[in-house]
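Notes to accompany the following structure.
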Amino acid sequence: MRIILPDKSVRTVSRASATIEEILIELGINPTTVIVVKNGTIVPEDVTADEGDEIRILRFSHGG
């Protein structure tokens with residue numbers, strides 16, 4: 001699967017499948033600090049990503 005990180009760098013991971021949460025934890029990213037887009041659709045952490053998927057990880061910020 002192809003993973004696009006918040007800094008726009010790209011990683012290719014050879015793995016049959018994993019949940020979004022597992023992927024984030026392996027990358028050292030706190031799941032509560034990002035939004036994940038799988039193949040163009042925002043998905044929750046319990047969704048499974050497969051080998052041919054594109055995962056984009058976006059950081060969000062809030063404030064006032």
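The values are calculated or read from the model by the stated rules, or taken from the named source; none is laboratory data. In this text the structure is predicted, and so the values were computed from the model without any measurement. Cβ sites come from the backbone with ideal geometry, for glycine too, and all protein chains shown count toward neighbours. Calculation scope for accessible area: heavy atoms of the full protein, side chains included, ligands and nucleic acids excluded. Shrake-Rupley method; radii C 1.70, N 1.55, O 1.52, S 1.80 Å.
Suppose each label sits 7 Å from its Cα in the direction of the beta carbon; what would the residue 61-residue 29 distance come out to in nanometres?
1.7 nm
Let me have the 222 nm mean residue ellipticity of the chain computed from DSSP H runs of 4+ only, each contributing -39500 (n - 2.57), with the sum over all residues rounded to the nearest 500.
Numbers: 1 runs with 7 residues, N = 64.
For the chain, the value works out to -2500 deg cm²/dmol.
How would 61, 17 line up by accessible area, probe 1.4 Å, largest first? Let's see the in-between values first.
Values: 61 110, 17 55 Å².
Output order, biggest surface exposure first: 61, 17.
For the chain, what is the accessible area per residue in Å² when the probe is 1.4 Å?
Heavy-atom SASA per residue in the chain reads 65 Å².
What does the accessible area of residue 2 come to, in Å² to the nearest 10, when a probe of 1.4 Å is used?
Rounded to the nearest 10, that gives 100 Å².
Could you order 10, 37 so the one with the most accessible surface comes first? Probe is 1.4 Å. Intermediate results must be reported in sequence, preceding the final value.
Details: 10 75, 37 25 Å².
So the residues, ranked largest to smallest area, are 10, 37.
Using per-residue counts of other Cβ atoms within 10 Å, averaged over each peptide, order 25-31, 45-51 from highest down.
Details: 25-31: 12.1, 45-51: 14.0.
So the peptides 25-31, 45-51, ranked by packing, come out 45-51, 25-31.
Between residue 4 and residue 50, what is 0.36 nm times their sequence separation minus the Cα-Cα distance? Round to one decimal in nm. Write out the running numbers ahead of the final one.
Details: separation 46, 0.36 × 46 = 16.56 nm, distance 1.48 nm.
Length gained between residue 4 and residue 50: 15.1 nm.
Semi-axes of the equivalent ellipsoid for the chain, please: Cα gyration tensor eigenvalues, times 5, square-rooted, ordered largest first, whole Å. It would help to have the intermediate numbers written out before the result.
Values: eigenvalues 73, 29, 24 Å².
Equivalent-ellipsoid dimensions as semi-axes: 19, 12, 11 Å.
What are the ³J(HN,Hα) values, in whole Hz, obtained from phi via the Karplus relation 6.51 cos²θ - 1.76 cosθ + 1.60 with θ = phi - 60°, for each residue of region 30-38 in sequence order, with x given for Gly and Pro?
6, x, 7, 9, 9, 10, 10, 10, 10
Scan around residue 18 for amide H atoms under 5 Å from its own, H built in the peptide plane at 1.01 Å from N, and keep only partners 5 or more places away or cross-chain.
The list, which skips near neighbours in sequence, is 49.
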